[in-house]
Amino acid sequence: MERIDDEHINEIRRFLIQSREELERLVPLVRKYFKWNKLPEPKEANVYAVDGSRMAKRLSGAIIYAVSAAGIGERLYYWNDIGTLFPYSNADDRIRIHMDTLEKRMGAMVSELGGELVLMDGTLSGALIRPPTYIESTTRKIYSKHGDTLLDASLDFLDLLDREWKVWRKQMKEEGVVSGPSLISRGRGGKDVFRILMEMSPSVKKSLWWVKDREDLIILFEYLEYLHALDRLFGGRTAAVAKTFYKSDVIGTVVEREGIKKAPIMVDTPVVASLSESPGYLPFNYRSGIKEAFPEFVISLMRHGKFQNLREILEVDEGNLVRARIQPAYVRFAEGGLIYLLEVPEKQDFERTLAEILSVAEDEYVIPLEYAHHSVVIKKKEFDAYVNAVLSALVGEDERFLSFLRYGREPLE
């Protein structure tokens, strides 16, 4: 594409002109129902920011990946892990959940270690409302098959996580870094999770009911580790700032109240940005949509005293997730700056939370979140070099490993 084609320019121009005309119609309507508020005065607080990163290398018989999380505030904390998976269809989701688990654990950790407010990158609502589809089907299938036996084993597994949490927290407090296998569901020290549970769980020890469903149970336990971390995160004060989002709840509210039959195809951001150039914020509510099915198995665990912070923040009705009790708002931190999406749990004071965020904001963004992002990112070149060194050492030990470790793009590189 050496030369810009005029037709490409014309097509984009037509799109922008139509969008601008739609915008001019929407802005006065939005002003009828929503108010652009001035930012509160900054309030000093011990604020931490958390971010995560992941990187993977697909080989002929395995995926080797790295996940990391960083917490930055008065101190610097890191959590790192390298994992392996067979290249199944849901491998990418499992890697993402591993990273999300480390992020949520880090957020909970820094809160327990003195952070007064923990800022997460992204959204809180997405973490609560949208579990991977394979998790729901896997959970439903094996819970209907094993019932109370699985429930008892899961309660024991969560107790094991609580004990492990104390070890991680002690290490994080003393060293500032936790590195090594971090998913108990994957086992450790040559023992798989079932051998570990046999030492403490009668439901696992008394029979081999779990053998045929071993892989599905490991996936379920991975999800329980994620929920365990998320639950602990909501035990402290937290908020999330998203840079990229495509919401249309403000426009949708206007369309509904005005009785507009032909809904405009536009997201909220350009409309909200046109209300004012000044720093400020616009609170709104997420519009209710289709109720999401919520795993019956997780509800059963809540009835047995687990995930009580999640139970408080989630509104569940007859097995369906109605909504997460989260207050969203669009925020601009600087004159003419970008619009960000801020989410704060409803149980927290929104103005106080925003004021504490402003104490660490500078120009257009929140400084600790920027530092966390730059400090945690796993660079592909460094990751590849590290993995190649590890693989060379392993193949040097036993050439039979090579059948798992070849790389399909080798001829192209």
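The values are calculated or read from the model by the stated rules, or taken from the named source; none is laboratory data. The structure presented is a predicted model; accordingly, all values stated were derived computationally and were not measured. We place every Cβ from the backbone using ideal geometry, glycine too, and count neighbours over all the protein chains shown. Accessible surface areas use protein heavy atoms only, side chains included; no ligands, DNA or RNA. Shrake-Rupley method; radii C 1.70, N 1.55, O 1.52, S 1.80 Å.
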Of the residues that make up the stretch 296-303, is at least one closer than 30 Å to residue 24 by Cβ and over 21 Å from the mean Cα position of the chain (by Cα)? no
Report the residue count in the stretch 228-247 for those that are open to solvent by 10 Å² or more (accessible area, probe 1.4 Å), in a helix (DSSP H, G or I) and either of a type outside the set (D, E, K, R) or free of Cβ contacts under 8 Å to residues at least 40 places away in the same chain (or both). 1
Would you pick out the residues in the stretch 202-217 that are touching an Asp or Glu at 6+ places or on another chain (Cβ under 9 Å) and either β-branched (Val, Ile, Thr) or open to solvent by less than 20 Å² (accessible area, probe 1.4 Å) (or both)? 203, 204
Does residue 127 count as under 24 Å from residue 341 (Cβ atoms), modelled with pLDDT under 90 and not in a loop (DSSP other than H, G, I, E, B)? yes
Go through the residues of the stretch 351-371 one by one and say whether even a single one is buried (at least 19 other Cβ atoms within 10 Å of the Cβ) and basic (Lys, Arg). no
Per the filter on the stretch 160-200, residues open to solvent by less than 70 Å² (accessible area, probe 1.4 Å), closer than 18 Å to residue 104 by Cα and either outside any helix (DSSP H, G or I) or among the acidic types (Asp, Glu) (or both) are 162, 164, 176, 177, 178, 180, 182, 183
Residue among 327, 308 that is polar (S, T, N, Q) and closer than 30 Å to residue 155 by Cβ: 308
Counting only residues that are of a type in the set (Ser, Thr, Tyr) and in contact (Cβ under 8 Å) with a residue 60 or more places away in the chain, which one in the stretch 286-335 is nearest to residue 226 (Cα to Cα)? 300
Just a yes or no: is a residue in the stretch 309-324 outside any loop (DSSP other than H, G, I, E, B), under 20 Å from residue 222 (Cα atoms) and either open to solvent by 10 Å² or more (accessible area, probe 1.4 Å) or not aliphatic (A, V, I, L, M) (or both)? yes
Out of the residues in the stretch 140-159 meeting the condition of being open to solvent by 10 Å² or more (accessible area, probe 1.4 Å) and among the polar types (S, T, N, Q), tell me which one is modelled with the lowest pLDDT. 144
Identity of the residue in the stretch 270-286, surrounded by 15 or more Cβ atoms within 10 Å (Cβ to Cβ) and under 17 Å from residue 126 (Cβ atoms), that ends up modelled with the highest pLDDT: 284
All helices (runs of 4 or more DSSP H) inside the stretch 344-406 with 1 or more residues being without any contact (Cβ under 8 Å) to a residue 60 or more places away in the chain: 367-376, 380-397, 402-405
